[in-house]
Amino acid sequence: MEKNSMTRREAIRAMMLAGAGLAASSSLAAPLRAAGVVPQDWKFTEPAKGDQVIHRTWKSLGDESISLLGMGCMRFPRKGSGRRAPLDQEAVNQMIDYALEHGINYFDTAPAYGDSERATGEALSRHNRKDYLIATKMSNFSNAELGACKTMFANSLKNLRTSYVDYFLLHSIGSVADFNKRFVDNGLLPWLQDLRKKGTIRHLGFSFHGSNAAMKALLEMPYDWEFVQIQLNYVDWKHMPLEDSDEPCDSETLYKMLADKGIPVVIMEPIRGGALANVSSGLKAKLAERFPQLSPAGVALTFASTPKAVMCTLSGMSNMQQLMENVYTFSHFKPFDAADNEYMLEMARLYNGNPHIPCTACRYCMPCPHGVDIPGVFGVYNAISDELMLPDPASKGKNYKEKRKAFLKRYATLAKGTDASACIACNACVPKCPQHIRISEQLRMIHKLVKDLG
Ligand code: SF4
Ligand code: SF4
């Protein structure tokens with residue numbers, strides 16, 4: 001892992017150093033291959049100078065031409081490591097210039113994204129205001145008092161160096177109660193609707209992080225939503241776990257509710273916070289087999305952008321490599337057909353059935369006073385998981401016998417007394433792990449798996 005990520009950083013650096021022309025003519029495929037981001041035989045070619053990402057238009061939005069790929073501005077590059085390091089304005093400017101040059105015109109930010117609105121405003125204001133669409137939000141999570149909300153909106157305009165917002169969202173509604181508290185009871189919604197009449201807000205919508213039932217209830221309320229932003233990706237299509245609720249939630253139902261009402265849909269988390277760009281080697285190979293022109297991120301973005309009611313898919317790009325990969329995907333965009341979508345649902349099953357423990361084998365947790373070879377045990381588990389061969393004793397699904405045999409054979413290579421059964425859950429190792437892995441819990445899970453396999 002660490003070796004790969006070092007190589008990846010070097011590759012990105014090489015890309016960034018490739019020059020003032022922003023590497024439009026440099027090879028993207030080679031560094032991606034070297035970093036292990038894509039298989040060695042991956043057929044990807046970098047975007048050409050004239051490549052333009054695809055656009056869609058919506059009657060209800062005045063036939064405005066909107067790039068299907070939107071730039072999520074919450075993960076811009078920083079000068080130095082850590083979340084508090086300042087944004088690298090020069091790199092942000094370069095990325096936004098490249099994005100505009102290749103047809104991306106939708107830029108999504110929020111007051112809740114740290115310094116993002118200011119940096120986005122600085123970069124965009126170097127261009128003609130008519131050439132880009134700004135989406136920002138009312139992030140009134142900690143103070144929903146009307147005066148504070150008005151101040152937040154005024155700051156957004158100032159930071160973004162604009163007199164109007166193209167797409168304005170009520171940020172991250174989780175439930176009807178949350179919606180009422182932050183936008184209705186305080187009198188904010190009529191004020192925002194008035195701004196829309198005046199043209200200070202051109203289109204009004206909301207972003208959503210709740211259950212299917214909450215979305216249904218919101219859509220039954222008498223409001224005129226011009227667009228709605230939801231989480232959609234192939235892993236969450238059939239089931240999306242919610243942080244603080246067991247209520248049913250899935251991208252498919254959320255999307256269909258909106259599409260049925262003719263509401264354009266903006267997609268967030270199409271790559272699930274980056275996780276679907278860094279899938280296991282087994283899954284990567286299966287994706288490359290069917291979609292040789294696309295990186296794993298490209299496959300995830302294409303899945304998310306295929307449904308017809310999708311207005312824009314946001315990708316939070318944090319370097320030029322990711323931007324170029326995405327520009328390639330959307331300038332050669334080919335929606336998935338029914339068979340492709342079915343294949344992706346099988347990929348989602350494999351992804352969920354083969355979880356990865358983020359152990360880098362750094363050995364900071366060693367030695368275990370009770371003799372457990374912690375990185376060794378995790379290494380066996382991850383190797384089998386990477387090969388998509390984890391057996392599930394509960395479902396005894398496809399190829400169960402073969403998977404069971406392979407797992408137990410690999411597990412038996414651990415030296416006597418060093419496997420997960422030796423862990424007494426003293427937790428002496430836990431604070432030493434830089435990856436914050438709940439080591440004893442994971443070892444208990446692996447020990448139970450071995451016992452269940454019999
Ligand atoms: S929790 Fe388990 S693995 Fe960790 S130090 Fe204690 S016995 Fe060893
Ligand atoms: S400290 Fe954490 S990451 Fe390092 S070997 Fe131990 S479990 Fe793995």
A297: of a type outside the set (F, W, Y), modelled with pLDDT under 95 and under 27 Å from L169 (Cα atoms), yes or no?
yes
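If I ask for residues that are β-branched (V, I, T) and within 16 Å of F303 (Cα to Cα), which ones from the range 256-275 would you list? Spell out the reasoning first.
Start the filter on the range 256-275 by keeping residues that are β-branched (V, I, T), which leaves 263, 265-267, 271.
Hits for the range 256-275 are V265, V266, I267, I271.
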Among residues of the range 313-337 being crowded, with 24+ Cβ neighbours inside 10 Å and touching a Ser or Thr at 6+ places or on another chain (Cβ under 7 Å), the residue farthest from F76 (Cα to Cα) is T329
Contact list, first residue from the range 422-435 and of a type in the set (K, R), second anywhere and more than 6 Å from ligand 1 (Cβ to nearest atom), beta-carbon distance below 9 Å, six or more apart or interchain, is K432/Y364; K432/C365; K432/M366
Within the range 412-449, the count of residues that are more than 9 Å from ligand 1 (Cβ to nearest atom), more than 33 Å from the chain's Cα centre (by Cα) and not small (G, A, S) comes to 5
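Yes/no matrix, rows are residues, columns are (1) at pLDDT 95 or above; (2) crowded, with 20+ Cβ neighbours inside 10 Å; (3) in the same structural domain as P264 (by TED's automatic domain parsing); (4) not β-branched (V, I, T):
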residue: C73; (1), (2), (3), (4): yes, yes, yes, yes
residue: G82; (1), (2), (3), (4): no, no, yes, yes
residue: A119; (1), (2), (3), (4): yes, yes, yes, yes
residue: D131; (1), (2), (3), (4): yes, no, yes, yes
Checked pairs for the range 176-201, first more than 24 Å from E247 (Cα to Cα), second assigned to a helix (DSSP H, G or I) and of a type in the set (F, W, Y), C-beta under 6 Å and 6 or more apart or across chains, list as L189/F183
Within the range 382-398, the count of residues that are within 15 Å of G282 (Cβ to Cβ), more than 15 Å from ligand 2 (Cβ to nearest atom) and surrounded by 13 or more Cβ atoms within 10 Å (Cβ to Cβ) comes to 7
If you go through M347, M324, M320, the only one that is at pLDDT 95 or above, away from ligand 2 (no atom under 16 Å from the Cβ) and of a type outside the set (G, A, S) is M347
Reported set for the range 399-423 where residues are in a loop (DSSP other than H, G, I, E, B) and either exposed (fewer than 12 other Cβ atoms within 10 Å of the Cβ) or among the polar types (S, T, N, Q) (or both) is N399, A412, T413, A415, K416, G417, T418
message = Condition (residue is out of contact with any Cys (no Cβ under 6 Å at 6 or more places or on another chain) and closer than 23 Å to S305 by Cα) applied to the range 81-88: is it met by at least one residue?
response = no
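Looking only at residues that are away from ligand 1 (no atom under 16 Å from the Cβ) and either touching a residue at least 60 places away in the same chain (Cβ under 8 Å) or assigned to a loop (DSSP other than H, G, I, E, B) (or both) in the range 351-381, which one is surrounded by the most Cβ atoms within 10 Å (Cβ to Cβ)?
First, the residues of the range 351-381 that are away from ligand 1 (no atom under 16 Å from the Cβ): 351-356, 358, 360.
Next, only the ones that are either touching a residue at least 60 places away in the same chain (Cβ under 8 Å) or assigned to a loop (DSSP other than H, G, I, E, B) (or both) stay: 351-352, 354-356, 358, 360.
Details: Y351: 19, N352: 11, N354: 21, P355: 13, H356: 16, P358: 11, T360: 17.
Only one residue tops the list, namely N354.
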- Is it true that some residue in the range 360-376 is of a type in the set (S, T, N, Q), in contact with an Asp or Glu (Cβ under 8 Å, 6 or more places away or on another chain) and within 27 Å of I271 (Cα to Cα)? yes
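The values are calculated or read from the model by the stated rules, or taken from the named source; none is laboratory data. Since the model is a prediction, treat every value here as computed from it, not as a measurement. Heads up, the Cβs are rebuilt from the backbone with ideal geometry, glycines too, and the neighbour counts pull from every protein chain shown.
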